[in-house]
Amino acid sequence: MKPLRITFRALVVGCMLFAPALLAQKPDSTHVSQLLADAKAQASKASEDAQRLQQYSRSSLSWESHTMQVTRIRKDVNDLGSTVRDLNAARPEASAWQLVAIDRIDPLLQEMADTLTNTINHMNDNPGRIHTQTYRDYASANFDLASRTSSIINDFVEYGKVKSRTEQLERKLELPTANSDQ
């Protein structure tokens, strides 16, 4: 029984010695921050274009105008998708909050793509029926998702800026940081 106690004690002591290193937060990646800033701009553009489609759905514009606007949104979503792929590829260098941001953006992007696909399918299946409530609902759903995605990405980008500025001030003022007592 005694050798087991020694092993357990060694494990506890080892954990106590290495815990600070394990708890130390990974610094923010400037690459990931730049990708998040790119995603912010792309999501904002998608939101603006989706808002325009929603406005079109309440107007008497031709189906060609709607088709052109949906094509713009599809490009926006594809551009954002490319950036999200780059974000996922950069996961190993991301800090904890940056990983949370990536994890939150992924499902929103998927939902945006699915809703846009449903809108396109509705337009293809019902040519010329862009003045129906169903179509207005699709246009509204696209705007709601794009707007929510844009807002969430904007919040993460702003958080990163504030966090970075706070860390700069802590260094300038020579204040202890959360990691300094480890």
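The values are calculated or read from the model by the stated rules, or taken from the named source; none is laboratory data. This one's a predicted model, so the numbers in the text were calculated from it and none came from an experiment. Reconstructed Cβ throughout: ideal geometry from the backbone, glycine too, with neighbour counts over all protein chains shown.
For this structure, a couple of remarks:
- Residue match in region 112-132 (condition: under 23 Å from H31 (Cα atoms) and touching a residue at least 24 places away in the same chain (Cβ under 8 Å)): no
- The criterion of at least 1 residues that are at pLDDT 95 or above and more than 14 Å from the chain's Cα centre (by Cα) is met by the following helices (runs of 4 or more DSSP H) wholly inside region 1-105: 30-56, 63-89.
- For region 137-145, the criterion of being farther than 24 Å from N78 by Cβ and in contact with an Asp or Glu (Cβ under 8 Å, 6 or more places away or on another chain) is met by none of the residues.
- Test for V162: is it in a helix (DSSP H, G or I) and exposed (fewer than 12 other Cβ atoms within 10 Å of the Cβ): yes
- Screening the candidates R129, R136, R148, R165 for the property of being in contact with a His (Cβ under 9 Å, 6 or more places away or on another chain) and basic (K, R) yields one hit, R129.
- For region 77-111, a tally of residues being free of Cβ contacts under 8 Å to residues at least 60 places away in the same chain and among the hydroxyl-bearing types (S, T, Y) returns 2.
- Counted residues, region 129-142 - those being of a type in the set (A, V, I, L, M, F, W, C) and crowded, with 22+ Cβ neighbours inside 10 Å: 2
- Checking each residue in region 111-156 for being within 24 Å of A37 (Cα to Cα) and acidic (D, E) picks out E111, D114, D144, D155.
- Selection within region 68-95 - of a type in the set (V, I, T) and either surrounded by 14 or more Cβ atoms within 10 Å (Cβ to Cβ) or on the phi > 0 side of the Ramachandran plot (or both): V70, I73, V77, T83, V84
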